[in-house]
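The values are calculated or read from the model by the stated rules, or taken from the named source; none is laboratory data. In this text the structure is predicted, and so the values were computed from the model without any measurement. Cβ placement follows ideal geometry from the backbone for every residue including glycine, while neighbour counts extend to all protein chains displayed. We work out accessible area using only protein heavy atoms, side chains counted, and drop any ligands, DNA or RNA first. Shrake-Rupley method; radii C 1.70, N 1.55, O 1.52, S 1.80 Å.
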Amino acid sequence: MASDLRPDDLRDDLVVVPLRHPWRWFSGAMILLIIAGLGWAMAEAQIQWEDVPGFFTHPVMLEGLLNTIVLAVCAQGGAIVLGVVVALMRLSANPVARWFAVGYIWLFRGLPVLLQILIWFNLALVFKNISIPMLFTVPTNVVMTAFVAALLGLGLNESAYMAEIVRAGLTSVDPGQTEAAKSIGMTPLTTLRRVVLPQAMRVIIPPTGNNFINMIKGTSMASVIAFLELIHAANNISSRNLEIMETLFAAAAWYLVMVSLASIGQHYLERAYGPR
């Protein structure tokens, strides 16, 4: 009797029972409850939400935004250039250049950024003047403005990290690529520019993009030396109207806008240098 049953008959009798995930629903409900609770708490907080858009476009806030962008771009750009140079020195066959690069990375990566900014800003306590013999002499206070101190503190610290990022990218390229380029008569500089760097960019771009996002946020440390970036701008505005949280939320919104745009740019750069 059982031998008369066909596989299709058995398959028709099966009932498919979906697998249940009660904990998945529970965790999802808890997350929604937490979000709703935070939203309710923020709505009930003593914050004048209707004033935030006005602070978002306040002239002082816009000036702080511009200074933040300029400082972040200049510091990151300088760090990339210095990082490439130090990375090449780190890979050099010259022991003096190699150990100088090691010491450079050790020093600027080892000190807190805020400490570096403060040291540069107070450099006049050590050197009253900055001079090149027979060319010029200028008081250190004139040269070491808040912008320059923040630029040096942020840029030099970032250049040490960039040196390690670039070094990792360069060493990720198969040495056979360099040997093949030399065999067809390419100079070392041409080999680096046309063979090694295009392949190394796949390794270099993701951490560089992340570091640039950190640089945008790291400019807030320049507020301690009275450089007018977003945090200092928010403090200047709130010191007049005492709406502290409102101005801070406006500054936070600008940070989110800048980070979002930088993330989009990083995505397209990664795609441009990614596998084809």
Who wins for biggest fluctuation among Phe212, Phe26, Phe136 in a Gaussian network model of the chain, springs between alpha carbons below 10 Å?
Phe26
Simple spin-label estimate for Ile264/Asn141, 7 Å along Cα→Cβ, in nm, reads 4.5 nm
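Could you sort Trp106, Trp120 by their accessible area in this structure, using a 1.4 Å probe and putting the largest first?
On the way: Trp106 190, Trp120 65 Å².
Ranked list, largest accessible area first: Trp106, Trp120.
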The list (i) 28.0, 112; (ii) 19.9, 69; (iii) 19.0, 65 gives values of Rg and Dmax of the Cα atoms in Å, and only one came from this structure; which label was calculated from it?
(i)
With Cα springs under 10 Å, the Gaussian network model of the chain assigns the largest mean-square fluctuation among Thr190, Thr219, Thr208 to Thr190
Of the peptides 83-93, 250-260, how do they stack up when ordered by the mean number of other Cβ atoms within 10 Å, highest first?
83-93, 250-260
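Taking the mean number of other Cβ atoms within 10 Å as a proxy for protection, how do you rank 58-64, 162-168 from highest to lowest?
Values: 58-64: 17.1, 162-168: 22.1.
The packing order, highest mean first, is 162-168, 58-64.
Can you work out the accessible area per residue across the chain, with the rest of the protein chains kept in place, probe 1.4 Å, in square angstrom? Mind showing how you got there, number by number?
Details: 17600 Å² over 276 residues.
Dividing the accessible area of the chain by its residue count gives 64 Å².
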Rounded to the nearest 10 Å², the 1.4 Å probe accessible area of Lys128 is 140 Å²
Here, Phe26 and Asn241, labelled 7 Å along Cα→Cβ, have an inter-label distance in nm of 4.7 nm
Amide H to amide H under 5 Å from Ile130: which residues, 5+ apart in sequence or cross-chain, H placed 1.01 Å off N in plane?
Val138, Thr140
With viscosity set to 1.002 mPa s at 20 °C, what whole-number translational diffusion coefficient in µm²/s follows for region 183-276 from Stokes-Einstein and a Kirkwood radius over Cα pairs?
132 µm²/s
Label-point gap, in nm, between Leu91 and Ala226 - each point 7 angstrom along Cα→Cβ:
4.5 nm
Between Leu38 and Val257, what FRET efficiency follows from the Cβ-Cβ distance if R0 is 25 Å, with the result rounded to 0.05?
0.70
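Largest first, what is the accessible-area ranking of Leu65, Leu197 with a 1.4 Å probe? Show your work: numbers first, answer last.
Details: Leu65 20, Leu197 55 Å².
Ranking Leu65, Leu197 by accessible area, largest first, yields Leu197, Leu65.
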Helix 146-171: inclination vs the chain longest Cα principal axis, degrees, rounded to 10, gives 60 degrees
Say we join alpha carbon atoms closer than 10 Å with springs in a Gaussian network model of the chain; which of Gly218, Gly169, Gly103 then has the biggest fluctuation?
Gly103
Which FRET efficiency, nearest 0.05, do Ile69 and Arg98 yield, Cβ-Cβ r, R0 41 Å?
0.70
Within the chain, helix-based [θ] at 222 nm, where runs of 4 or more DSSP H residues each add -39,500 (n - 2.57), nearest 500
-23500 deg cm²/dmol
With R₀ set to 41 angstrom, the calculated FRET efficiency between the beta-carbons of Ala124 and Ala168, to the nearest 0.05, is 0.60
What's the angle, to the nearest 10 degrees (0 to 90), between helix 22-44's Cα axis and the longest principal axis of the chain?
50 degrees
